[in-house]
């Protein structure tokens with residue numbers, strides 16, 4: 001089995017951490033030397049590690065992660081694995097999603113969501129995989145609750161969509177989605193401020209993918225896998241600095257100038273559109289002329 005450890009730090013301070021993983025009997029199975037893994041956990045950041053471990057025997061197996069900051073509070077998390085007698089078909093062994101990094105280009109905040117899925121072929125024959133796709137009912141968690149401007153997503157890009165996996169081999173699939181946040185009209189005094197409030201926070205990512213696979217090229221089997229992960233929202237330094245200038249200026253001049261109307265959200269052919277229109281005459285000048293000039297030329 002392929003295991004992934006992901007430790008999130010929601011605090012504004014960095015921490016040195018150590019940890020280990022035990023099996024049902026309480027024996028340490030990671031790291032292999034029976035000691036601790038050690039890492040520096042950045043402020044509002046995360047630590048990720050991967051390891052392989054043989055899991056044998058029909059039935060349930062439990063593995064528990066222990067993490068502490070050298071004598072401080074110990075945190076634990078367990079995962080249960082059920083081993084069944086099966087037909088040895090295609091398996092999803094792990095997945096991971098990268099943090100969302102927003103940049104400001106062409107009057108819009110843009111980022112690419114990237115998630116990688118790893119498949120394993122346990123049989124003694126090569127398997128062919130084709131028609132990889134993502135169902136439309138995916139979720140971006142709290143990121144969908146942006147209070148102003150608009151959130152839009154493109155179509156999923158999947159690489160590769162058709163491939164072969166050798167006997168007892170693995171193959172990764174990269175799922176990418178363009179995410180954009182921006183006003184339809186640059187008249188919102190709060191759109192930039194409320195995007196900044198998301199900077200450094202976390203959101204969940206959830207989607208289901210499907211594919212078909214065959215060992216003989218004649219009989220095809222349907223396969224689906226579910227992805228659920230937590231990612232951090234980041235923005236480039238110039239965007240954060242400029243938006244804080246905007247939020248401070250709007251608050252000092254007149255905190256009551258913003259009037260907002262929720263327009264709702266719709267989904268067309270897998271593309272999500274949502275918007276909340278706001279009006280602020282002072283911010284119109286900032287968003288339409290001054291802020292774009294600063295961001296585009298720095």
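Here are the numbers for the structure shown:
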| read-out | value |
| --- | --- |
| Conditions (1) at pLDDT below 85; (2) under 30 Å from residue 100 (Cβ atoms): number failed by residue 54 | (2) |
| Test: residue in the range 129-145 that is in contact with a strand residue (DSSP E or B) (Cβ under 7 Å, 6 or more places away or on another chain), buried (at least 19 other Cβ atoms within 10 Å of the Cβ), under 26 Å from residue 52 (Cβ atoms) and modelled with pLDDT of 95 or more | yes |
| Selection count where residues are at negative phi, assigned to a loop (DSSP other than H, G, I, E, B) and surrounded by 15 or more Cβ atoms within 10 Å (Cβ to Cβ), scope the range 14-68 | 5 |
| Any chance residue 184 is more than 30 Å from residue 6 (Cα to Cα), modelled with pLDDT of 60 or more and in contact with a strand residue (DSSP E or B) (Cβ under 9 Å, 6 or more places away or on another chain) | no |
| Residue within the range 73-80 that is part of a loop (DSSP other than H, G, I, E, B), in contact with a strand residue (DSSP E or B) (Cβ under 8 Å, 6 or more places away or on another chain) and surrounded by 12 or more Cβ atoms within 10 Å (Cβ to Cβ) present | no |
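The values are calculated or read from the model by the stated rules, or taken from the named source; none is laboratory data. What you see is a predicted model, and the numbers here were worked out from it, not measured in a lab. Neighbour counts run over all protein chains shown; Cβ positions are idealised from the backbone, glycine included.
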